[in-house]
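The values are calculated or read from the model by the stated rules, or taken from the named source; none is laboratory data. Owing to the predicted nature of the structure, the values given are computational and were not obtained by experimental measurement. A quick note on method: Cβ atoms are made from the backbone with ideal geometry, for glycine too, and the neighbour counts reach across all protein chains shown.
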Amino acid sequence: MKQDNDLDGVSLIKKLDDIPELKEKLISVYETKSHKDVSRYSLLLAEHILSLTGMPRNEAIESCFSVCRAWQNGTTKFQEARQVAFLLHRLAREETDPIRVKVYRVLGQVAATPHVKRHALIASDYAIKVINLLHPGNFDAVRNEREMQIAMIENV
């Protein structure tokens, strides 16, 4: 039996201010999508979060996008994407700004999506963590973010 916060061994974030029915809808749509579709969604999510936070792009962030696109095109294997994910998570551990930490976490999960499809859902949860930091206690902002995520994944 699957637990609510665990999809085939990839745990979702447990402590976040969220709207459960919208998270469930996101998961429901996600389950209808191919691995490559979900990877495309994760890149849209990454672009959105970078734009929302104004975080400048650096070489590590650019490598997240390039390795995911290369995997989608069949020109690299998921192992390279995992290495980029490890780098982004290391940068998150070294970062002191809490919003940038979560943005790096989003990107680390995006980069790991070629390895395991479900990492895109974790990236979605980290995006909600970003919203929680930007708008503490604001469930309208959370609702807007989840609805945007659902629309993005529906349209890939």
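For Lys102, the conditions (1) touching a residue at least 12 places away in the same chain (Cβ under 8 Å); (2) not in a helix (DSSP H, G or I) all hold with the exception of (2). Restricting to the range 108-156, name every residue that is in contact with a Lys or Arg (Cβ under 6 Å, 6 or more places away or on another chain), β-branched (Val, Ile, Thr) and part of a helix (DSSP H, G or I). Result: Val130, Ile150. Taking first residues from the range 137-148 that are farther than 12 Å from Ala127 by Cβ and partners that are surrounded by 14 or more Cβ atoms within 10 Å (Cβ to Cβ), the Cβ contacts under 6 Å between residues at least 6 apart in sequence or on separate chains come to Arg143/Ile19.
The residues of the range 127-154 that are closer than 13 Å to Ser42 by Cα and either over 13 Å from the mean Cα position of the chain (by Cα) or not β-branched (Val, Ile, Thr) (or both), listed by number, are Ala127, Met148, Gln149, Ala151, Met152, Glu154. Identify all residues within the range 49-62 that are touching a residue at least 40 places away in the same chain (Cβ under 8 Å) and not aliphatic (A, V, I, L, M); write none if there are none. Listed by number, the list holds a single entry, Thr53. Residues in the range 32-56 that are surrounded by fewer than 17 Cβ atoms within 10 Å (Cβ to Cβ), at negative phi and either outside any helix (DSSP H, G or I) or modelled with pLDDT under 95 (or both): Thr32, Ser34, Pro56. If we keep just the residues of the range 69-84 that are assigned to a helix (DSSP H, G or I) and touching a helix residue (DSSP H, G or I) at 6+ places or on another chain (Cβ under 7 Å), which is nearest to Tyr104 (Cα to Cα)? So the residue we want is Val84.
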